[in-house]
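Asks: Mind having a look at this structure? Questions to follow.
The values are calculated or read from the model by the stated rules, or taken from the named source; none is laboratory data. Source: prediction; values computed, not measured. Here the Cβ positions follow ideal geometry from the backbone for every residue, glycine too, while neighbour counts run over all protein chains shown. Side chains are part of the model used for accessible areas, which takes the heavy atoms of the whole protein and leaves out ligands, DNA and RNA. Shrake-Rupley method; radii C 1.70, N 1.55, O 1.52, S 1.80 Å.
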Amino acid sequence: MKDTIEAVYQQWQQQAHLPADILLNLDQMKTDSDKQEDAFGTFLSFGTAGMRGILGAGTNRMNIFTVRQAAEGLASFMDTLDEATRKRGVAISFDSRYHSKEFAHESAKVLGYHHIPTFVFDDIRPTPELSFAVRHLHTYAGIMITASHNPKQYNGFKIYGQDGGQMPPKESDLITSYIRKNSDLFAIKVTPEQELREAKIMNLIGEDVDQAYLAKVKTVNIDLDLIKKVGANMKFVYTPLHGTGKVIARRALEEAGFKNYVVVPEQTIADPEFPTTPFPNPEFPQAFDLAKELGKKVEADVLIASDPDADRLGCAVRQPDGNYQLLSGNQIASVLLNYILTAKKNANELPANGTIVKSIVSTDLAVKIAASFGVATNNVLTGFKFIAEAIHHYETEHDHTFLFGFEESFGYLIKPFVRDKDAIQTVLLLAEVAAYYKSQGKTLYDGVQEMFKKYGYYAEKTIAKEFDGLDGKDKMAHIMSELRNNPLTELNGHKVTSHADYQSSELTDKDGSKSVISLPKSNVLKYWLDDETWVAVRPSGTEPKVKFYIEVVDKSQAAVDAKLKQHVDELDKLIAKLVNN
């Protein structure tokens, strides 16, 4: 193994015309066998969410050669399609990270060599706008160069299907097989960009798609009079966290009538260093530090942040003491859902076959809210592509009407003209919901408390255990295997009443009876306890982590906080045992 890694490393060193950053990185690991092993010991994994990794030299890194390999895989797959489908081409967008524009253009050059047309944004654009562009331009596929909310060392490559959702598993698996066939990264052919532009094979897009997307975004808001009366003067802070939201979110807010918001100036610079926050992720409190400072100065009611590719959104709400309380992704989703369904009911627009779609690790509070309006809930696997697939099914079969989709990890979709998480849509509706509560002398936080009083107090936590290095996958597999071989039977004195293994598609009840889970197979385990608590475990699809999710419910805030702490303490012990076993 060591000799093989050394040989691959030497092969890279001997290549002519390597980019300067690749040469520097190769030199930095010259005498470090551990770094060489991590960079050259394996290939970047390519799954249904695409690939994501650390920037640098190597087969296990994001660089122009691994990007070309991924683009070649897509091109080789598209070469098997009929000519009319091939000629629909591929839409390509990119975020503000290091090398994102370069990777986008390299992808177009690979596809162009196969005479596959590309439609490349002229500058950074959000992931949801790429999803929209695929649908709007009727392309066969889309590529988004982004590492979403990861730290600055990362970048990624995501492939979208013709419905604007991430490429379905069947096609994704075929693309992956073609990617693996092109193992010689330096043999992949590209056509010069100027040649492609002159032949109109590579085309630039931008404002034309922006205008079409913004026209659709205008349909998201519900009560335009409320925005005129309250929203226009409501003070709130928005930050794009150095990313793509700066391009389009501000235009969307202004066109919707929100005139009194302010942006965090330092974070409205598209900076791949993300200098103001180590984690440009609205799930993390640190991402709001500058927004809180500005919010206190201007007495903003709400702080809203989107991640660098503007698919996720988080918010914090001003409390009576002037400090800001962050809302969880589940709380944001629930307050949005409650507002949407209330508005539709009041307008007599609630469809008889209405349904919401959420992931299996997202809050059951949404289930209770939906049920109170006579609306069904469809639980799908984690990954917004499964929500997109459900929407496509509804539009094809006409058996349900999509009303809202979300994942607990701060991703929401209000209108299905996009088929992925959309922070641009969400910032507009969340601002409207904040204006709704302000019109009653309340805040978004008060709105969450009202739901808790009505449906029960919910609290949740996600514990992510990271496993770096070449043996990381083995450690993650070991944890899942241990849990399968020794299923959880109780936690903190509460019995497991049923558990699901989505890999074997089996749901096992407390009496041992089994039933079939009608979802695609996935490496996920979920347990339900006798006190309405549930626990789920899954390896991340994009990071070397195993995630443990827990949600509890009780009759008061104090009770639910105490229960969560007790359950998490016991779960921590279980995790420690699994990790050290």
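Asks: Considering GLY206, GLY164, GLY156, which residue is in contact with a helix residue (DSSP H, G or I) (Cβ under 7 Å, 6 or more places away or on another chain) and either open to solvent by less than 10 Å² (accessible area, probe 1.4 Å) or aromatic (Phe, Trp, Tyr) (or both)?
Replies: On the way: GLY206 fails: in contact with a helix residue (DSSP H, G or I) (Cβ under 7 Å, 6 or more places away or on another chain); GLY156 fails: in contact with a helix residue (DSSP H, G or I) (Cβ under 7 Å, 6 or more places away or on another chain).
The conditions single out GLY164.
Asks: I want to confirm something. Restricting to region 520-564 and keeping residues that are of a type in the set (Val, Ile, Thr) and either closer than 23 Å to GLY50 by Cα or part of a loop (DSSP other than H, G, I, E, B) (or both), which single residue is farthest from the chain's Cα centre (by Cα)? It would help to see each step written out before you state the result.
Replies: First, pick out the residues of region 520-564 that are of a type in the set (Val, Ile, Thr): 524, 533, 535, 537, 542, 546, 550, 552-553, 560.
Now narrow it down to the ones that are either closer than 23 Å to GLY50 by Cα or part of a loop (DSSP other than H, G, I, E, B) (or both): 524, 533, 537, 542, 546.
On the way: VAL524: 18, THR533: 25, VAL537: 18, THR542: 10, VAL546: 16 Å.
Within region 520-564, the match that is farthest from the chain's Cα centre (by Cα) is THR533.
Asks: Residues of region 355-380 being assigned to a strand (DSSP E or B) and in contact with a Gly (Cβ under 8 Å, 6 or more places away or on another chain), which ones? Please lay out each step first, then the result.
Replies: Initial filter on region 355-380 (assigned to a strand (DSSP E or B)): 355-359, 376-380.
Matches in region 355-380: ILE356, VAL357, LYS358, SER359, ALA376.
Asks: Moving on. Kindly indicate the residue of region 135-152 that is within 18 Å of the chain's Cα centre (by Cα) and either in a loop (DSSP other than H, G, I, E, B) or at positive phi (or both) and also surrounded by the most Cβ atoms within 10 Å (Cβ to Cβ) among those meeting that condition. Before the answer, list the steps.
Replies: Pass one, region 135-152, residues within 18 Å of the chain's Cα centre (by Cα): 142-152.
Imposing the further condition that a residue be either in a loop (DSSP other than H, G, I, E, B) or at positive phi (or both) reduces the set to 146-152.
On the way: THR146: 33, ALA147: 28, SER148: 27, HIS149: 24, ASN150: 22, PRO151: 13, LYS152: 19.
Taking the candidates together, the pick is THR146.
Asks: A further question on this structure: Tell me which helices (runs of 4 or more DSSP H) are completely within region 1-56 and hold 2 or more residues being farther than 16 Å from GLY469 by Cα and out of contact with any helix residue (DSSP H, G or I) (no Cβ under 7 Å at 6 or more places or on another chain), or say none if there are none. Walk me through how you get there before you give the answer.
Replies: Details: elements: 2-13, 20-28, 33-40.
In region 1-56, 2-13, 20-28 are the helices (runs of 4 or more DSSP H) which contain 2 or more residues that are farther than 16 Å from GLY469 by Cα and out of contact with any helix residue (DSSP H, G or I) (no Cβ under 7 Å at 6 or more places or on another chain).
Asks: Among the residues of region 299-309, are any over 27 Å from PRO416 (Cα atoms), open to solvent by 10 Å² or more (accessible area, probe 1.4 Å) and either part of a strand (DSSP E or B) or not assigned by the TED database to the domain that holds GLU389 (or both)?
Replies: To start, the set of residues in region 299-309 that are over 27 Å from PRO416 (Cα atoms) comprises 299-301.
From what is left, the residues that are open to solvent by 10 Å² or more (accessible area, probe 1.4 Å) are 299, 301.
Filter again for either part of a strand (DSSP E or B) or not assigned by the TED database to the domain that holds GLU389 (or both), leaving none.
The answer is no, given that none of the residues of region 299-309 is over 27 Å from PRO416 (Cα atoms), open to solvent by 10 Å² or more (accessible area, probe 1.4 Å) and either part of a strand (DSSP E or B) or not assigned by the TED database to the domain that holds GLU389 (or both).
Asks: Just checking, does region 399-415 include any residue being outside any helix (DSSP H, G or I), under 22 Å from SER172 (Cβ atoms) and hydrophobic (A, V, I, L, M, F, W, C)? Walk me through how you get there before you give the answer.
Replies: First pass over region 399-415, keeping only residues outside any helix (DSSP H, G or I): 399-415.
From what is left, the residues that are under 22 Å from SER172 (Cβ atoms) are 405, 407, 409, 411, 413.
From what is left, the residues that are hydrophobic (A, V, I, L, M, F, W, C) are 413.
There is at least one residue in region 399-415 that is outside any helix (DSSP H, G or I), under 22 Å from SER172 (Cβ atoms) and hydrophobic (A, V, I, L, M, F, W, C).
Asks: When the residues of region 472-504 are narrowed to those that are in a loop (DSSP other than H, G, I, E, B) and open to solvent by less than 70 Å² (accessible area, probe 1.4 Å), which ends up nearest to SER518 (Cα to Cα)? So that I can check it myself, show each step before the final result.
Replies: First, pick out the residues of region 472-504 that are in a loop (DSSP other than H, G, I, E, B): 486-489, 492-493, 502-504.
Filter once more, keeping what is open to solvent by less than 70 Å² (accessible area, probe 1.4 Å): 487-488, 492-493, 502, 504.
Numbers: PRO487: 21, LEU488: 22, ASN492: 30, GLY493: 31, TYR502: 9, SER504: 11 Å.
So the residue we want is TYR502.
Asks: Considering only residues that are outside any helix (DSSP H, G or I) and hydrophobic (A, V, I, L, M, F, W, C), which ones fall in region 203-246?
Replies: Going residue by residue through region 203-246, those that are outside any helix (DSSP H, G or I) are 203-206, 218-223, 230, 234-244.
Correct list: LEU204, ILE205, VAL220, ILE222, VAL230, MET234, PHE236, VAL237, LEU241.
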